[in-house]
1. Go through the residues of region 150-160 one by one and say whether even a single one is surrounded by 13 or more Cβ atoms within 10 Å (Cβ to Cβ) and basic (Lys, Arg).
2. May I ask you to verify whether ALA156 is among the small types (Gly, Ala, Ser) and either modelled with pLDDT of 85 or more or in a loop (DSSP other than H, G, I, E, B) (or both)?
3. VAL91: of a type outside the set (Lys, Arg), without any contact (Cβ under 8 Å) to a residue 60 or more places away in the chain, more than 30 Å from LEU171 (Cβ to Cβ) and open to solvent by 50 Å² or more (accessible area, probe 1.4 Å), yes or no?
4. So, in region 94-118, of the ones that are touching a residue at least 40 places away in the same chain (Cβ under 8 Å) and part of a loop (DSSP other than H, G, I, E, B), which residue ends up farthest from LYS153 (Cα to Cα)?
5. Just to be sure before I move on: is GLY165 within 30 Å of VAL47 (Cβ to Cβ), open to solvent by less than 40 Å² (accessible area, probe 1.4 Å), out of contact with any strand residue (DSSP E or B) (no Cβ under 8 Å at 6 or more places or on another chain) and in a helix (DSSP H, G or I) in the structure I sent?
Amino acid sequence: MSDISLHLKNAAGWGRRIERAWIAALVIFLGLVVFAPEQASTSFNFVAESLTGMAAFLAAAIVIAAYARASGADNLIARAFEGRLSTMILVAAIFGGLSPFCSCGVIPLIAALLAMGVPVPAVMAFWLASPLMDPTMFFLTMGTLGLDFAVAKTVAALVIGMMAGFATSALMARGAFVMPLREDVS
């Protein structure tokens, strides 16, 4: 079985795919149920609470990506990422640091940006800066650890995003990341 996913046919005849990651998660959870039932309950509650907590961000990311695609705004966004790659990486890291998306919530946006043709180094800069710092995290950090630490964390997030963008650019110059999206993602 060389394909990444397993294909099943539902009653209507439409093809459905079950990703191997979902199957692995189910097998692991069933293993917990059998060998450590108390941990299975704890793990299930943790996952349910986490998904509930980030559902709004995931939904927002999916809606934004879908709207951009359906309205044609994806072309406008892609045009915003034209020009010098170094400028694109810098701007993407800044927007990433200002966006309110967590590491999971940013994934649909990343796929949409790549599908729009935004260069991979700029996407990588956005992708890594986004979960490290956002406006809410800035104020929480400032309230807990002080303004100096919040500013330092913001600068670090931007620098990490930019470093990732430039490192990705260097890797791409050597032939890496030629096909950043799976074939079935468009």
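1. Taking every residue of region 150-160 in turn, at least one turns out to be surrounded by 13 or more Cβ atoms within 10 Å (Cβ to Cβ) and basic (Lys, Arg).
2. yes
3. no
4. If we take residues in region 94-118 being touching a residue at least 40 places away in the same chain (Cβ under 8 Å) and part of a loop (DSSP other than H, G, I, E, B), then VAL118 is farthest from LYS153 (Cα to Cα).
5. no
The values are calculated or read from the model by the stated rules, or taken from the named source; none is laboratory data. All figures in this text were calculated on a predicted structure; none of them were measured in a lab. No Cβ is skipped: glycine too gets one built from the backbone with ideal geometry, and neighbour counts run over all protein chains shown. Please note that ligands, DNA and RNA were not included when accessible areas were found on the heavy atoms of the full protein model with its side chains. Shrake-Rupley method; radii C 1.70, N 1.55, O 1.52, S 1.80 Å.
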